[in-house]
Protein chains: 2
Amino acid sequence: MTRLFLRIDFEPSGSALGLGMVQLLEGIAEHGSLRRAAAAMGMSYRKAWLLVQSVQKTFDGPVVTAEVGGATGGGTELTELGNTLLKLYRRVESRAADATKTELEQLSGMVRATAAPRRAGKRKRTTKN
Amino acid sequence: MTRLFLRIDFEPSGSALGLGMVQLLEGIAEHGSLRRAAAAMGMSYRKAWLLVQSVQKTFDGPVVTAEVGGATGGGTELTELGNTLLKLYRRVESRAADATKTELEQLSGMVRATAAPRRAGKRKRTTKN
């Protein structure tokens with residue numbers, strides 16, 4: 001399987017929408033909480049919070065609702081703008097994949113069959129004796 | 001202007017072809033030298049060399065010719081496989097952009113006009129008084 005990962009850059013603002021942001025927004029939609037969305041991705045709360053701030057600054061309106069209520073309460077949800085963003089990003093992804101099937105198959109056919117993280121003769125971090 | 005940046009992931013090998021690699025290969029084609037290609041990108045020679053090693057391991061054959069001759073001599077060129085890779089990647093890029101014009105324009109219209117690294121009222125890391 002060959003997969004296409006996309007980052008959309010908005011020039012000249014210098015801002016971007018990438019897969020990490022999109023996955024975090026999807027997590028928020030699923031879990032109803034930034035903290036739980038971050039945990040589900042194995043991302044620190046701080047990093048998730050910064051990502052959300054950056055998305056909020058990029059777009060013309062709030063993308064998620066404010067989290068209120070401290071450690072247990074509150075919760076975060078996507079706004080209508082946030083939902084639209086997600087839908088558009090995923091549509092870009094699927095249209096791009098459809099339009100490039102032939103080339104992706106050609107590239108995939110050029111990949112070394114044995115190209116794997118583990119290679120013969122190479123061991124996983126052994127301690128020196 | 002809205003731009004699409006692509007990374008192509010080859011599963012299950014875990015290897016990928018991204019913009020950094022592609023730009024380095026283009027630099028090698030232009031400069032005929034890994035060292036000069038790295039310098040033109042503001043990339044360290046070591047990082048460029050590692051990137052090339054990773055591309056070489058990913059594909060089913062050499063992507064660049066070996067650099068021989070030390071600090072001044074030698075030189076590196078793309079192989080036929082390397083040239084084909086580049087051509088395919090750029091074709092994926094342009095087809096994906098063509099296929100997603102409508103969505104990219106919609107997204108672009110949702111970006112905050114004033115979204116810039118510097119914002120009014122926000123100062124660069126002030127110390128607490």
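Taken together, the values in this text are just the output of simple stated rules run on the coordinates, not laboratory data. None of these values were measured; they are calculated from a predicted model. Virtual Cβ from ideal backbone geometry, glycine too; neighbours counted across all protein chains shown.
Here A:Ala29 yields copy-to-copy label distances, from shortest upward, of 3.7 nm, the label point defined as 7 Å from Cα along Cα to C-beta.
Note on B:Glu11 and B:Asp60: the model spin-label points, each 7 Å out from Cα along the C-beta direction, lie 2.1 nm apart.
What is the mean number of Cβ atoms from other protein chains located within 10 Å of the Cβ atom of each residue in peptide A:81-94, rounded to a whole number? Mind dumping the intermediate values first?
Details: counts 1, 0, 0, 3, 3, 0, 2, 7, 2, 1, 5, 11, 3, 2.
The mean count of partner-chain Cβ atoms within 10 Å per residue comes to 3.
Once backbone amide H atoms are built at 1.01 Å from N, B:Ser33 has B:Thr76 as its partners under 5 Å, excluding neighbours fewer than 5 places away on the same chain.
Entry for segment B:7-105 at q = 0.12, 0.14, 0.24 Å⁻¹: log10 I(q)/I(0) = -0.42, -0.55, -1.29, Debye formula applied to identical alpha-carbon scatterers, no solvent contribution. Taken residue by residue and averaged, Cβ atoms of other chains lying within 10 Å of the Cβ of B:11-21 number 3. The label point for B:Asp98 and the one for A:Arg90, both projected 7 Å from the Cα toward the Cβ, are 2.7 nm apart.
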